[in-house]
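**Q** Mind looking over this structure? Questions follow.
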Amino acid sequence: SQQGEEDPQALSIQEGENATMNCSYKTSINNLQWYRQNSGRGLVHLILIRSNEREKHSGRLRVTLDTSKKSSSLLITASRAADTASYFCAPARGSYIPTFGRGTSLIVHP
Amino acid sequence: DAGVTQSPTHLIKTRGQQVTLRCSPKSGHDTVSWYQQALGQGPQFIFQYYEEEERQRGNFPDRFSGHQFPNYSSELNVNALLLGDSALYLCASSFEEKLFFGSGTQLSVL
């Protein structure tokens, strides 16, 4: 399955700290995407990294991809209470239909 | 520019009944995907529609069916509802490999 598995399942930090989430997958991919979901809402696309890229930045987000280890990480720097959400990685290949794991639940305490 | 819209937002049904959920994609998007998200889980892919045809399907029984109209809007139908069908149903339209999600329909089956 190309579904990603996020780790840890839950993460609790203080405002201003950095948050790191990891994603592992099992098959070859064309790209890997990260999404955020606020409680009970739809998912919001954060960033897409292609298989030939190693690192990508978007504002306070930094994503890395290691295709040899079939893993990715999402770093949120200087976290804010508004970053509290669930984060999902979605590896995709061929059909470009992202598939989702159980996510990492991030709580940022003010 | 309206994003992806879903209706209704909440729905309560009884076991054995049938339900129809509706989705309007973002303007210019011709591909619609449906996901089911149970509480505490990640979204699970149901199927994807493109040019009014079901292009791909996830591991869901035939009780789950769909339709896409010429204006790209879509419906998800679930027959013979089971208690286990209670979930958040998410619709997403696609553009350049990225998914844009609606806020979902919360379905409760009693």
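**Q** For B:ASP85, what is the net charge nearby, where nearby means another residue's Cβ is under 11 Å from its Cβ and Lys, Arg count +1, Asp, Glu -1?
**A** +3
**Q** Using the Kirkwood radius built from alpha carbon pairs, what does the Stokes-Einstein equation give as D for the protein assembly as shown at 37 °C and 0.692 mPa s, in µm² per second? Can you show the working numbers first?
**A** On the way: Rh = 17.9 Å.
The calculation lands on 184 µm²/s.
**Q** Still on this model: Per residue of the stretch A:64-79, in order, report the coupling 6.51 cos²θ - 1.76 cosθ + 1.60 (Karplus, θ = phi - 60°) as ³J(HN,Hα) in whole Hz, putting x for Gly and Pro.
**A** 3J(HN,Hα) across the stretch A:64-79, in whole Hz: 10, 9, 10, 5, 5, 9, 6, 8, 9, 9, 10, 10, 10, 8, 6, 4.
**Q** Projected area of chain B, taken from the Cα convex hull and averaged over every viewing direction, in nm²?
**A** With every direction weighted equally, the projected area is 6.5 nm².
**Q** If you don't mind, another one. Students sometimes get this wrong: rank B:ASP62, A:ASP7, A:ASP83 by accessible area, probe 1.4 Å, all chains present, largest first.
**A** So, going from the largest accessible area down, we get B:ASP62, A:ASP7, A:ASP83.
**Q** What are the residues whose amide H is under 5 Å from the amide H of B:HIS29, where those residues sit 5 or more places off or on another chain and H is modelled from the backbone?
**A** none
**Q** To continue, here is another question. Please compute, for the alpha-carbon atoms of chain A, the extent along each of the three principal axes and give them in descending order in Å.
**A** Reported extents, whole Å, longest axis first: 41, 27, 20.
**Q** Go ahead and run the numbers for FRET between B:SER65 and A:LYS26, Cβ-Cβ distance against an R0 of 25 Å, rounding to 0.05.
**A** In this case the efficiency is close to 0.25.
**Q** Tell me the carbon and sulfur percent of the accessible area for chain A, rounded to whole percent, probe radius 1.4 Å.
**A** Taking all protein chains in place, chain A shows 44 percent carbon and sulfur surface.
**Q** Once you list every other residue whose beta carbon is under 12 Å from the beta carbon of A:LEU75, what net charge do they have if Lys and Arg are +1 and Asp and Glu are -1?
**A** Cβ neighbours under 12 Å give a net charge of 0.
**Q** Given the options B:GLN36, B:GLN17, B:GLN44, which has the most mean-square fluctuation in a GNM of chain B, springs set between C-alpha atoms less than 10 angstrom apart?
**A** B:GLN17
**Q** If you build a Gaussian network model of chain A, linking Cα atoms that sit under 10 Å apart, which residue out of A:GLY42, A:GLY16, A:GLY59 swings the most?
**A** A:GLY59
**Q** What's the average, rounded to a whole number, of partner chain beta-carbon atoms within 10 Å of each residue's beta-carbon in B:38-49?
**A** 4
The values are calculated or read from the model by the stated rules, or taken from the named source; none is laboratory data. Just so it is clear, the model here is predicted, and its values are computed rather than measured. With ideal geometry, Cβ positions are generated from the backbone for all residues, glycine too; neighbour counts draw on all protein chains shown. All accessible areas refer to the heavy atoms of the entire protein, side chains included, with ligands and DNA or RNA removed. Shrake-Rupley method; radii C 1.70, N 1.55, O 1.52, S 1.80 Å.
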